[in-house]
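Every number in this text was worked out from the coordinates using simple rules, so none of it is lab data. Since this is a predicted model, take the numbers as computed values, not measurements. A quick note on method: Cβ atoms are made from the backbone with ideal geometry, for glycine too, and the neighbour counts reach across all protein chains shown.
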Amino acid sequence: MEQPKTSAPCGLSAATCYAKYRGKCKEMVEEACRQDPTLTPVRGHYICWSWGKQAHWWAVKPDGTIVDPTVGQFPKPHIGDYIPFDDVIECSHCGKRVAEEHATFYGSYAFCSGSCNIRFVGL
Ligand SMILES: [Zn+2]
């Protein structure tokens, strides 16, 4: 019998999962919470074995079980830790820690200032 290429819950290839779920964490978690009001949305980082710290959204059940509708975007195996945000972000350019409300965001990156953002992006 031929081995399946992926064990992703969606049954799609890793590349397809990536395209399908990347950047959709928030809206898919919000949708999951709408369908199951016992879920609580959580924002933070998924610590991927391959990609490192990834900005991410997931949900938790009342018993603490993590429900992650978009884990398929990350390389398998899905053994990463989930670290909720503490409202302080680390600048992707200089590493300075700033309150999230003062941070600048670019895609899944966060910066302490617009100038760090511009330097990081290379403009
Ligand atoms: Zn910075």
Run the simple label-point estimate for Arg43 and Thr16 please: 7 Å along Cα→C-beta, distance reported in nm.
3.1
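Counting other C-beta atoms within 10 Å, which of Thr65, Thr104, Thr70 has the fewest, and how do the rest follow?
Values: Thr65 9, Thr104 19, Thr70 23.
Result, fewest neighbours first: Thr65, Thr104, Thr70.
Could you please report the charge total around Arg34, scoring K, R as +1 and D, E as -1 over all other residues with beta-carbon less than 13 angstrom from its beta-carbon?
Net local charge, Arg34 excluded: -3.
Expected output is a single nm value to one decimal: the length gained when fully extending between Cys33 and Tyr82, i.e. 0.36 nm times separation in residues minus the C-alpha distance. What is it?
Working: separation 49, 0.36 × 49 = 17.64 nm, distance 1.78 nm.
Stretched fully, the Cys33-Tyr82 segment lengthens by 15.9 nm.
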For the chain, what size does the Cα cloud have along each of its three principal axes, sorted from largest down, in whole Å?
54, 35, 21
Listed residues Cys33, His102, Ile118: farthest to the positive end of the dipole of the chain (Cβ charges)
Ile118
